[in-house]
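Remarks on the structure that follows.
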Amino acid sequence: MEVLTPRSLDEALSVKAERPDARPIAGGTDLLVELNFDRARPETLLNLNEVPELRGWSRENGTLRLGSGLTYAEAMRAPLAELVPALAEASRTVGSPQIRTRGTLGGNLGTASPAGDALPPLLVEGAQVELGSLRGVRSLPLSEFLVGPKRNALEPDELVLAVRLLPSAQPQTFMKVGPRNAMVIAVCSLALVADRERGELRAAYGSSGPVVGLVTAPLEERDHFADTVAAAASPIDDVRGTAIYRRHALRVLAERAMERCLA
Amino acid sequence: MARLIRTEKEVEGRYEEVWTVVEEDALDQWPAGPLEVVGQPAQRQDGLQRARGEARYTADVRLPGMLHAAVLRSGVARADARAIDVLPALELPGVQAALSCEEVDFLDAEAGYPGAAVAAVAADTIEQARAGVEAIAVEWDESEPLLDPDEAIARGQLVSESSSYERGDLEAALAGADVVVEAEYRTQSVLHNSMETHQAVCHWEGDTLVVHISTQYIWGVRDELAEKLGLRPDDVRVVCEFMGGGFGAKNGAGDYSLIAAELSRRTGRPVRCALTRREENLAAGNRNATIQRLRAGARSDGTIVGLGGEFVNAVGWSGWLAGTDGPMQMLYGVDNVATMLRGAKLNSAPMAAFRAPGFVEGTFGLECLLDELGGKLGIDPLELRRRNHADADVLDGRPYSSKSLLECYRRAEPHWDRRHEVRARSDETWKHGVGLASQVWYGGGGPPSYAWVRVGSDGSMTVVTAMQDIGTGSRTAMAQIAAEELGVSLAQVRVELGDSARGPFASISAGSSTIPSMGPAVRSAAGDARRQILELAAQRWQKEQRTLSLKGGRIVCSDGGSWPLESLLGLLEDAQILGMGARGPNPTGMRVLTFGVQVAEVAVDVGTGEIRVGRIAAIHDVGRIINPLGARSQVEGGIIQALGHTLSEHRLLDPRTGTVLTQTLDAYKLPTIADVPEIVCEFVDEPDSHLTNLGAKGLGEPPIIPTAAAIANAIRDATGADVRSLPIDREEMLRALAALARAKERSGDRVAARPA
């Protein structure tokens, strides 16, 4: 296996254009599991850890730009945690301290698993995904970027550069059900924003359908919203839980999230 | 003097009558309570070695020229391996030898479970060995697996003869009872998942087979391999210096050591055969699932008049009948008891002993049933247990060698009294409650076991015995016992163990028997060395020997004189004092058992079914405590392991194919530190005056036994729901709450609707 380590974004994009089969790796918290389980044998790894342009986060005219190399540990820290509190809450539920220190937002986006903890909080905040290649930069709404279970809209020569969002500054939360208190993949999860400014409830569910799904409704429909969320999901039975349980738990989480955000 | 006697031998609850040679146990017990070294908390002597990575486990053994073995295993639940061709493997680079079930009798072509071994390859690297395994050509003749235990019983597919037990007249007793409860309990299959997987490195030195193996029984491996390979026992040398856990799954030699031994014989090179984590979760043993259909009847005053149980152990392809029926027979003073225990032979991996096999499962059923009974009677659970306390052994009326269960109950009271305050924390979402459960288990150990103590002129004291320390800290406990007897500090004593060629026979580390079997032998050896030291001292200082003793590193005379021990030992030069000791017999006509009670505090989220265990108080009675720190570790470990099988661990099979769905620690949910509650640990610490020169019983297993029932009973206290199936995951919790809501609706008692 060959590991290519570009030192700049230009170099990274050139390598990706030349070697579209190269699998990007940042924290490796997903990819190394695939390697260990023998689910993947990429010939080439593209190590993005030395690309400074992908790191950290910035703010321009109120819009946040979260680099794809932003780690969960970084997302948990103020002031970012105060700007996107649901993302900070979700980040705290990821793996163990070691995994939170290594794992990145870009990894969640690249893997595009419906269980990706960062995805529901980004979805309820209307995040756009910034994709780059030698051909240029394009931007897609997260809901369009996620096209199926573990499938996304990346072209072979593209890399995820960043996520952009305008923080709603509205009450929001993230909740997750797992089979134990730490180091779990979600049985189901939910992010919710009670957006009084727009008079809207937005919820996104994880691990309850082929992709992370967004459900919106006017604030007046609060009483039915938990049912709406549960009905919108399309969960399955698997090792972690049953479809019936997931739908039930989503309803409970949605109800509690609204209590918390509308209090 | 050695005597040949006929005696009962017990391991993991299985008794057999055997001839055995025993030595007199001449030493009087020490006075109760903490002594100079014994009874004082001692850090592990090998703690730093372990923390620094210097301790050599079997997993660290890398011998010059060593080959690696990989094993071909069945991928399905039931298949016959036909026409195995290993030649393609032998043509691959690095592959040095291959064997299959067609040529060795320790592998079986009838692969009755997923992961059954049928062939193996040895190569220069593990990757080459795995490639070799891939290359082996096999025709698999698959057939429909049998996976349902009840169906297996109905079809007469049993692993062994069923076991029935009866005393009194159960049916008459239940007919005359004021209250009868009946319920079905289920426990799941769980996996040991020791940190160190099952493994062995074998090589031949002439005609001697040297086996490095992660084992709980050095001498058992020696005998088993000698028998299976047609060798004299002393032509097998077994080494295990450090071990990364076993929990009952490493009591035998295992096919991996036979594979390594045979491949080593063929290649003339050392061969390592180590299971991967996946293989560990497929084919290295498990705690079998059980179904328990139980009945209990009581008079309105709380006297339990009858207990009945139909038990099914889902044993798997092979194994033995662990005593799921044991707690029902032994825990309470009930006159009328009838049990039937059957073992279903299934196309799933064979069970192996797992920390109190049978009793963990059976205590869950019995102790939950008892609380359901108490609920109907309106009697406090602690009081109900007191009223039915067994004052003498209920199996045959023998006296207990010692029993302080009532004292455990007394000490449980302050923890039990917290329930009012705990319940009051409940709100709409979180319901809080407290539950308790009792425990009975074996743990008396037995002969034979031997130890030597060597005292040199430099004042060093070395305990030599070919026992294993399976990770419990036995090494340190043995050093404490020797130091106490020799009147020296713990730092002056070292323990050499772990090699059948370099020490006398030592017993198995299973059935909570290491301390009660080995401890008295070590004390006896140290006592022999002490006697010899005092003999020399009497000559050196012209005193009567009976006036001399060893204390604080000095030879002390009752006339007030004392001399540093070095002043005598220094005279030895190259001479040594060699003490020999043996484990004496168990008390005849007495039942040696361990007891305890645990009190659990839980909170249940009635919306999501999440369960949080906040606190567990454990009070156990295991005779004298040698090392309070080590004992506490055993209690914490037992409770944490129990939390796993109570709340999250489950070996999940595909219900149609029998494929194991939880082969990695990603899918198989062990508890994390975030799941661990506050653990309060107390010991009665009263020596068993009838048991050996120590009065100490074993503690490895007791703490894991009552935890599941205590948690389930706390859940009932919190919510009113009966959880009768392990693990109590969120779905199970919600099912129990829904069943409660339905029952209340039926009885007309309107309550707020529970989630479906």
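We did not get these values from a lab; they are worked out from the coordinates using the rules stated. Please read all numbers here as calculations on a predicted model, not as lab measurements. Heads up, the Cβs are rebuilt from the backbone with ideal geometry, glycines too, and the neighbour counts pull from every protein chain shown.
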Gained length - A:ASP227 relative to A:GLU144, 0.36 nm times residue gap less alpha-carbon distance: 27.4 nm
The protein assembly as shown: radius of gyration over Cα atoms, expressed as a fraction of 2.2 N^0.38 Å: 1.04
Debye log10 I(q)/I(0) at q = 0.08, 0.09 Å⁻¹ for chain B, Cα point scatterers: -0.69, -0.87
Projected label distance in nm at A:ARG260 and B:GLU102, using a 7 Å step from Cα toward the beta-carbon: 6.2 nm
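Express in nm, to one decimal, how much length is gained between B:GLN532 and B:SER163 on full extension, taking 0.36 nm for each residue of separation and deducting their alpha carbon distance.
Gain on extension, B:GLN532 to B:SER163, equals 127.7 nm.
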Cα coordinate range in region B:104-230, projected on the principal axes (Å, largest first): 71, 38, 31
Chain A - Rg (one decimal) and Dmax (whole number), Cα, Å: 18.0, 56
For region B:1-63: rounded, prolate or oblate by the Cα gyration tensor [a/c cutoff 1.5]: oblate
In nm, spacing of pseudo-spin labels at B:SER567 and A:GLU11 (7 Å Cα→C-beta vector): 7.6 nm
Distance-filtered residues of region B:325-364 - backbone nitrogen under 16 Å, label point 7 angstrom along B:GLU171 Cα→Cβ: B:336-340
FRET efficiency, 1/(1 + (r/R0)^6) with R0 51 Å, evaluated for A:LEU134 and B:ARG62 via beta carbons: 0.60
Region A:1-91 - Rg over Rh from alpha carbon coordinates, Kirkwood radius: 1.05
Percent RCO, i.e. relative contact order, over chain B, from Cα pairs under 8 Å lying at least 6 residues apart: 16 percent
Averaged over A:169-181, number of beta-carbon atoms from partner chains that fall within 10 Å: 3
Alpha-carbon centroids, region A:32-73 and region B:697-744: separation in whole Å: 43 Å
Ranked by how many other beta carbons lie within 10 Å on average, peptides A:122-129, A:76-83 from highest: A:122-129, A:76-83
nm² value of the averaged projected area, convex hull over the Cα atoms of region B:182-279: 8.0 nm²
Cβ crowding within 10 Å averaged over residues, with B:105-113, B:141-149 ranked highest first: B:105-113, B:141-149
P(r), alpha carbons of region A:1-47 - 10 Å bins starting at zero, rounded %: 28, 53, 18, 1
Net charge over other residues, Cβ less than 13 angstrom from the Cβ of B:SER457 (K, R count +1; D, E count -1): -3
Near-label residues of region A:186-207 by backbone N, under 19 Å of a point 7 Å along Cα→Cβ of A:GLU220: A:194-202
Over chain A: helical MRE at 222 nm, DSSP H runs n ≥ 4 each giving -39500 (n - 2.57), nearest 500: -8500 deg cm²/dmol
Selection from B:GLY326, A:ALA22, A:MET183 lying farthest towards where the dipole of the protein assembly as shown points positive, charges on Cβ: A:MET183
Counted charge near B:PRO327, where neighbours are those whose Cβ lies closer than 12 Å (Asp, Glu -1; Lys, Arg +1): -3
J(HN,Hα) series, region A:47-55, from Karplus relation 6.51 cos²θ - 1.76 cosθ + 1.60, nearest Hz, glycine and proline x: 7, 8, 5, 9, 9, x, 5, 8, 7
Spin-label proximity, B:ARG502 to region B:217-251 - amide N less than 14 Å from point 7 Å beyond Cα toward beta carbon: B:237-242
Shielding by partners, peptide A:244-250 (average Cβ within 10 angstrom, other chains): 4
Size of region A:172-261 as Cα extents on the principal axes (Å, biggest first): 40, 24, 19
Environment charge at B:LEU643 (Cβ cut-off 10 Å; Lys +1, Arg +1, Asp -1, Glu -1): -1
Cβ-derived FRET efficiency at R0 45 Å, A:ARG41 paired with B:ALA739, nearest 0.05: 0.40
Highest-first arrangement of B:490-498, A:233-241, where packing means the average Cβ count within 10 Å: B:490-498, A:233-241
Efficiency of FRET from Cβ geometry, B:GLN40 and B:GLU139, R₀ 51 Å, rounded to 0.05: 0.20
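Using only the Cα atoms of region B:619-756, build the gyration tensor, take square roots of its eigenvalues as a ≥ b ≥ c, and label the shape rounded, prolate or oblate: rounded if a/c is under 1.5, else prolate if a/b is larger than b/c, else oblate.
oblate
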